[in-house]
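S.K.: Sharing a structure below in C-alpha cells format, with a few things to ask.
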Amino acid sequence: MLEIKNLFAGYGQTDTISNINLNVDKGETVSVLGANTAGKTTLLRTISGLTPRKRGSILFDGSELLDMEGKDIPALGIGHVPEGRHVFPKISVIDNLYLGAYSRQKDPEIKSRLEDIFELFPRLKERYHQLAGTLSGGEQQMVAIGRALMGKPQLLLLDEPSHGLAPIVVDEVHCAIEKIAATGVAVLLVEQNAALALQVAKRGFVLSSGSIVIKGTSSELAENPDVKKAYLGA
Ligand code: ATP
C-alpha cells in the first residue's frame with residue numbers, strides 16, 4: 001500500500017529526514033519509534049504532502065505522491081491524525097467528523113461510515129452534539145481518528161495517538177487501531193511510547209536524527225539491547 005524509497009525531506013537547507021526506506025502492507029500496522037526531534041512527525045507530514053522540500057519516492061497504491069500537493073492527498077485515500085489531535089473546538093463532534101469527509105461529500109456511504117465510527121467509539125455517539133473542545137483528551141483523540149476515517153482511508157497515518165492520555169484510554173485507542181487494521185487499512189503509527197507501539201504493530205522502525213537506524217519485527221525490536229535501553233526503560 002505504501003512504499004517509500006530513498007526519501008529525503010526538510011524545511012530549510014538541511015534534510016530533516018534522510019534516505020528513508022520503508023513499506024506498509026494492506027491491513028498491517030507498522031510503527032515508527034524515536035526520541036523527540038528524531039523526525040517522526042516530519043516523515044508523516046512528508047507522506048501527506050505537507051513538507052516543503054523533498055526528494056525520493058513515495059508510492060501509495062502504485063501512485064507517486066512526491067510531487068503532489070497536500071490538499072490533493074486525502075482524496076486518494078490517506079488519512080492523517082496529527083500530533084496534538086487538532087480537533088475544531090468550537091464545533092460539535094458530528095461537525096468535526098463530517099469535516100473529515102469533505103473530499104467525499106457525494107459519497108453515498110457517508111452515513112454508514114459514521115455508524116462504523118460510532119461502533120468503534122460508542123462514546124462519540126453519546127457526545128454527538130457536544131462541542132469538541134469540551135471533550136476529554138481521549139475523546140478528542142477518538143474524534144481525530146474518526147475524522148480521518150470519514151475520508152475512507154486505505155492508509156492511516158497516526159502521530160502519537162497515546163500522547164497525554166490515561167492508560168485506560170490508551171488501551172481503548174490501541175484496541176481501535178487493531179480493529180481499523182483488521183478492516184484492511186494500512187496503519188503507520190508514530191509513537192514515543194515504544195512499549196505500546198510494539199504491542200500494536202507487527203513491525204517497526206527506529207528513527208534517529210532523521211535516519212532509520214534499526215528495523216525489525218516488533219519482537220526483534222523488543223529484544224534489541226539499544227531499543228531496550230533507549231526506549232523501553234531497561
Ligand atoms: P516530537 O516527538 O518532539 O514531535 P519528532 O520526532 O516528531 O519529534 P519532528 O517534529 O519531525 O520530530 O522534528 C524534527 C526536526 O525538524 C526538529 O529539529 C524540528 O525542530 C524541525 N522542524 C519540525 N517542523 C518544522 C518546521 N515547520 N519548520 C522548521 N523546522 C521544523
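The values are calculated or read from the model by the stated rules, or taken from the named source; none is laboratory data. Everything numeric in this text was worked out from a predicted model, so none of it was measured. Don't worry about glycine lacking a Cβ; one is built from the backbone with ideal geometry, like all the others, and counts go over all protein chains shown. For accessibility, only protein heavy atoms count, side chains too; no ligands or nucleic acids. Shrake-Rupley method; radii C 1.70, N 1.55, O 1.52, S 1.80 Å.
S.K.: Considering only residues that are among the β-branched types (Val, Ile, Thr) and open to solvent by 80 Å² or more (accessible area, probe 1.4 Å), which ones fall in the range 95-140?
M.R.: Residues of the range 95-140 among the β-branched types (Val, Ile, Thr): 110, 117, 134.
Matches in the range 95-140: THR134 only.
S.K.: Got a sec? Which helices (runs of 4 or more DSSP H) wholly within the range 180-234 have at least 3 residues that are among the hydrophobic types (A, V, I, L, M, F, W, C)?
M.R.: Numbers: elements: 194-200, 218-223, 225-231.
By residue number, 194-200.
S.K.: Conditions: (1) within 16 Å of the ligand (Cβ to nearest atom); (2) touching a Gly at 6+ places or on another chain (Cβ under 7 Å); (3) open to solvent by less than 20 Å² (accessible area, probe 1.4 Å). SER208 meets all but one. Number of the miss?
M.R.: (3)
S.K.: Which residues, taken from the range 50-63, are part of a strand (DSSP E or B) and at pLDDT below 95?
M.R.: Going through the range 50-63, the residues part of a strand (DSSP E or B) turn out to be 53-60, 63.
Scanning the range 50-63 gives ARG53, LYS54, ARG55, SER63.
S.K.: On to the next question. Please state which of the following conditions TYR11 fails to meet, knowing it meets all the rest: (1) within 16 Å of the ligand (Cβ to nearest atom); (2) under 19 Å from the mean Cα position of the chain (by Cα).
M.R.: (2)
S.K.: Can you tell me which residue within the range 30-58, out of those that are under 23 Å from SER218 (Cβ atoms) and among the small types (Gly, Ala, Ser), is surrounded by the fewest Cβ atoms within 10 Å (Cβ to Cβ)?
M.R.: ALA35
S.K.: Grab the strands (runs of 3 or more DSSP E) fully contained in the range 1-49, keeping just those with 2 or more residues being of a type in the set (D, E, K, R).
M.R.: Working: elements: 2-10, 17-24, 29-33.
Qualifying strands (runs of 3 or more DSSP E): 2-10.
S.K.: Still on this model: Within the range 214-228, track down each residue that is in contact with a strand residue (DSSP E or B) (Cβ under 9 Å, 6 or more places away or on another chain) and among the polar types (S, T, N, Q).
M.R.: Passing the criteria: THR217, SER218, ASN224.
S.K.: Name the residues in the range 26-76 that are among the basic types (Lys, Arg), more than 17 Å from the chain's Cα centre (by Cα) and within 16 Å of the ligand (Cβ to nearest atom), would you?
M.R.: ARG53, LYS54
S.K.: Shifting gears a bit: Only residues that are within 24 Å of the chain's Cα centre (by Cα) and open to solvent by 90 Å² or more (accessible area, probe 1.4 Å): list them for the range 214-234, please.
M.R.: LYS215, GLU220 - these are the residues of the range 214-234 that are within 24 Å of the chain's Cα centre (by Cα) and open to solvent by 90 Å² or more (accessible area, probe 1.4 Å).
S.K.: Oh, and also: Run down GLY70, GLY27, GLY12 and say which single residue is open to solvent by less than 50 Å² (accessible area, probe 1.4 Å) and either under 30 Å from ALA195 (Cβ atoms) or in contact with a strand residue (DSSP E or B) (Cβ under 7 Å, 6 or more places away or on another chain) (or both).
M.R.: Working: GLY70 fails: either under 30 Å from ALA195 (Cβ atoms) or in contact with a strand residue (DSSP E or B) (Cβ under 7 Å, 6 or more places away or on another chain) (or both); GLY12 fails: either under 30 Å from ALA195 (Cβ atoms) or in contact with a strand residue (DSSP E or B) (Cβ under 7 Å, 6 or more places away or on another chain) (or both).
Going through GLY70, GLY27, GLY12 in turn, the sole match is GLY27.
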